[in-house]
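Single-structure report; data block below.
The values are calculated or read from the model by the stated rules, or taken from the named source; none is laboratory data. Owing to the predicted nature of the structure, the values given are computational and were not obtained by experimental measurement. Counting neighbours? That spans all protein chains shown, and the Cβs are built from the backbone with ideal geometry, glycine included.
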Amino acid sequence: FILKTKELSLEGPLIEFSSKFLKSFTRENYEMFNPKSWEEVLSFKPNFFRLITNLPRDSVITPGTQHLYENYVDFVKLYGNLFLISFLKYKITGDIVGCFFSIPNPFRKNKSDIYDSVEAFIILLEKEHQGKGLGWLFSLFSAKKGWDNNIRWNSTPIENKVKRSLKTFKAKSILLLENGNITGHVLMFNENDEILYFGYFGALNHEKNKISFLMNSLIDYGKLNKFSKIIGPINIPTFIY
């Protein structure tokens, strides 16, 4: 046998944020949604198999993938609900161009005897729609749905080299909190000690005072860490989305 890849696990508590914060990010021409019924979920099976062709060959390790979709749906029906399944529609063509599936954890419940933990199982995007930050927005969308449905803990498998990339780029976030809710966010990263890049930059309702606060915080961070330049907004590295 030859070791092709090594999977690790990242996990932690889910963070609450408002729906307005999620809507503050521009996603024109795209719609993220949860299916309304299990019958609708099954009708998207051809879309799932088309999307899975975008995965690297080494990533497809499950034999008999023709049965994978039904097995997954049955498991979610038993321990979870429809909020764990999300799809992405491209409004211009009406095509399904992405999906985000989470798996309920049947070994953890809260004091009310409700399952409160999930694993981010798989995220798929059509190649021409990759590199736009949609995967990151997908993660926020799914996290918000999870919180609204009593999910408080999340985990995800991650390839070892991706984790190393996260450390290499030193990705960090500046969050603006009001009454415990996230109302502003800027994501930043650096490849070296000279230039600080920032990608997503969003504030609730695009309020100028929030934008000003985030910008000043970004500048202060750059000065404190002695970066010579701050460049952005630009697309963040693809391993994040």
Of those in segment 73-91 that are hydrophobic (A, V, I, L, M, F, W, C) and crowded, with 16+ Cβ neighbours inside 10 Å, the residue nearest to F107 (Cα to Cα) is V76
Regarding F138, is this residue of a type in the set (F, W, Y), surrounded by 17 or more Cβ atoms within 10 Å (Cβ to Cβ) and modelled with pLDDT of 90 or more?
-> no
Modelled with pLDDT of 65 or more, among the hydroxyl-bearing types (S, T, Y) and within 22 Å of the chain's Cα centre (by Cα): does that describe S173?
-> yes
Any hit, segment 207-226, residues being closer than 23 Å to F100 by Cβ, surrounded by fewer than 18 Cβ atoms within 10 Å (Cβ to Cβ) and at pLDDT 70 or above = no
Using the structure shown, decide if F48 is at pLDDT below 70, surrounded by 13 or more Cβ atoms within 10 Å (Cβ to Cβ) and in the same structural domain as L125 (by TED's automatic domain parsing).
-> no
Selection from segment 183-203 of residues at pLDDT below 75 and crowded, with 18+ Cβ neighbours inside 10 Å yields N190, G199, Y200, F201, G202
Across segment 110-127, what is the total count of residues that are in contact with a strand residue (DSSP E or B) (Cβ under 6 Å, 6 or more places away or on another chain) and either among the small types (G, A, S) or not in a loop (DSSP other than H, G, I, E, B) (or both)?
-> 10
Yes/no for I123 being among the β-branched types (V, I, T) and either at pLDDT 85 or above or buried (at least 20 other Cβ atoms within 10 Å of the Cβ) (or both) | yes
